[in-house]
Amino acid sequence: MNEEWVIRVFSVSGRSRVTVNSNCNLSTLKSKIASSLKVPEYQQLLSLDSFGNNLLKGDSLSIKQHGLYNGSIVYLITDATPQITATQIPRQMSTKDLPEITSKSETKREFSEEDRKLSSSTSLSGNQMVKSDVPKFKSFDYFISERNYVTDDLPLKQSYRSIFIEKGKMNKIPPSVTLKHQPYRHVDHLEMMNLTEAMKFVDYWKSTLGMLKQRVGWMYGYYREDNSYPMGIRAVMEAIYEPPQEESFGSDGSLILGNDTFKPSVDAIANSLGLECLGLVFTHNERDELLTSQEIITLGKLQLSSLKTTHYTRYPVNTFVTCTIAPCKSIQGGDPVPNAFSVSDLGLAFLRDGIIDETKIGDKMHIPVRDGEKGELLPQILENGKSTKKFDAHWLVVRINESAPIQPKPFFSSTQFPRENRVVSQKPGDISEFIKNRLASCPPTSYELLNDFHLLLYIAKIFDEATTISICNSIVNKVSIDQHLLEILMSLS
């Protein structure tokens with residue numbers, strides 16, 4: 001498959017990059033370098049190391065045969081002077097750039113107004129999409145392109161670990177950290193493509209539970225490019241799996257995710273359909289906080305466990321999205337609206353390096369810094385220019401726009417099968433009844449007959465994962481369902 005690869009070129013003049021086809025040969029790569037750095041091909045020697053010990057020879061050989069891949073580094077050895085067009089990197093933010101301290105009421109009002117600007121929230125009781133204003137965050141790829149693809153100074157490439165003072169040695173003091181909002185995000189937009197699925201999740205919470213008990217679910221879907229943002233990424237939600245809810249929330253309503261033994265099977269079934277886990281969706285009642293400090297820590301741990309290092313810069317990228325659904329506080333008796341978030345890279349780095357003290361969370365708005373042991377030095381945390389032992393939790397929150405399409409085109413052709421882990425339990429007879437109802441609009445040989453996410457999950461529970469994946473393969477390849485299996489399913493009662 002032809003792909004566009006980024007090859008990084010290191011030379012005496014600095015660092016540059018060229019984009020080539022993955023199937024091109026070495027001669028084409030040299031031609032691209034000649035065009036970009038103004039170094040003729042006959043004056044180029046390309047090597048895999050800076051000393052020229054591993055020269056790339058054979059211009060007719062493909063770059064794959066030379067062992068190159070997307071993001072590879074090649075060293076340009078030449079007598080000429082490469083000409084690199086530099087991009088000026090903005091200076092780092094200092095405490096002088098921080099806004100003046102305002103009262104709590106003013107801060108809450110400003111944050112609420114900013115939320116309304118950033119969000120393209122859509123009421124889940126309708127199909128209208130509200131357009132967002134100009135995004136306040138840059139997509140990650142666009143952000144690093146403006147700084148010549150330098151990622152070494154970003155939080156997940158930094159260490160915030162403490163050090164223990166050793167007598168008789170020169171000890172390096174950990175650098176201080178100035179809190180500021182992350183200017184980029186790894187996912188720019190969450191789209192509820194399967195709007196019916198989302199509405200059924202909300203309706204059960206509103207109508208059956210009366211909003212007295214909260215619900216949590218795992219979102220499944222896929223990622224795609226989003227042309228609404230420069231080099232943007234969009235997460236598209238196609239299904240929601242609702243795990244056992246007994247231990248999902250604490251007595252105070254805080255989010256607590258228990259061990260769900262069926263979740264790996266759900267992941268495998270989704271993967272066989274070309275889908276993956278996008279993140280978490282959960283409900284809460286009306287409150288001041290968009291996310292509480294405990295929720296930020298819980299979600300940060302989930303994001304840490306799903307970090308991806310497949311980015312061409314080798315920077316750990318996280319595309320985990322969290323969506324909350326709650327009544328809009330500004331509208332009396334209004335419909336619940338979604339709000340999408342992720343935890344910032346700095347928040348993940350704090351959790352990774354043990355900076356946060358989870359045992360001392362005293363309120364929903366602040367995150368405490370761990371006290372050092374005897375002889376231990378932790379990085380100094382600066383908030384509004386002052387050292388602090390607890391800071392506003394929303395420094396670690398990154399807003400993500402969300403919407404629902406006006407004309408949804410979901411992957412699953414049905415959303416009628418009963419949901420898992422609800423008051424009324426699923427039973428084998430639901431399968432035969434579902435199929436009989438579907439036969440009114442689908443022929444028995446159609447691959448669409450069993451194309452319902454929750455039906456597939458229940459078949460895996462009462463049979464096995466392999467049986468469900470065989471059905472998924474028929475759906476993906478658009479071939480007829482095995483008729484013997486269909487007869488067995490229709491005989492269930």
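Structure notes:
- Filter result for K308 (closer than 25 Å to G354 by Cβ and either free of Cβ contacts under 8 Å to residues at least 12 places away in the same chain or buried (at least 20 other Cβ atoms within 10 Å of the Cβ) (or both)): yes
- Cβ-Cβ contacts under 6 Å between residues 6 or more apart (or on different chains), taken from a first residue in the range 386-399 that is under 20 Å from Y184 (Cβ atoms) to a second residue that is hydroxyl-bearing (S, T, Y) and part of a strand (DSSP E or B), are listed as V398/S342.
- Any chance D226 is surrounded by fewer than 22 Cβ atoms within 10 Å (Cβ to Cβ), more than 27 Å from N259 (Cβ to Cβ) and over 19 Å from the mean Cα position of the chain (by Cα): no
- Any hit, the range 353-361, residues being farther than 28 Å from A198 by Cβ, part of a strand (DSSP E or B), out of contact with any Pro (no Cβ under 7 Å at 6 or more places or on another chain) and acidic (D, E): no
- Any hit, the range 173-180, residues being β-branched (V, I, T), assigned by TED's automatic domain parsing to the domain that holds E295 and more than 15 Å from L346 (Cβ to Cβ): no
- Any hit, the range 465-473, residues being without any contact (Cβ under 8 Å) to a residue 40 or more places away in the chain, within 29 Å of K206 (Cβ to Cβ) and not assigned by TED's automatic domain parsing to the domain that holds S272: no
- When the range 32-42 is filtered for residues that are part of a helix (DSSP H, G or I), more than 37 Å from the chain's Cα centre (by Cα) and of a type outside the set (A, V, I, L, M), the ones remaining, listed by number, are E41, Y42.
- Close contacts from the range 43-63, counting a first residue that is without any contact (Cβ under 8 Å) to a residue 24 or more places away in the chain and a second that is surrounded by 11 or more Cβ atoms within 10 Å (Cβ to Cβ) and outside any strand (DSSP E or B), with Cβ to Cβ under 7 Å and a gap of 6+ residues or different chains, come to N54/L48.
- Residues of the range 367-385 satisfying the condition of being closer than 13 Å to G347 by Cα and touching a residue at least 24 places away in the same chain (Cβ under 8 Å): I367, I381
- Residue list for the range 207-242, restricted to those being within 14 Å of T283 (Cβ to Cβ) and out of contact with any strand residue (DSSP E or B) (no Cβ under 7 Å at 6 or more places or on another chain): S207, T208, L209, G210, M211, L212, K213
The values are calculated or read from the model by the stated rules, or taken from the named source; none is laboratory data. Keep in mind that what you see is a predicted model, and the values were worked out from it rather than measured. With ideal geometry, Cβ positions are generated from the backbone for all residues, glycine too; neighbour counts draw on all protein chains shown.
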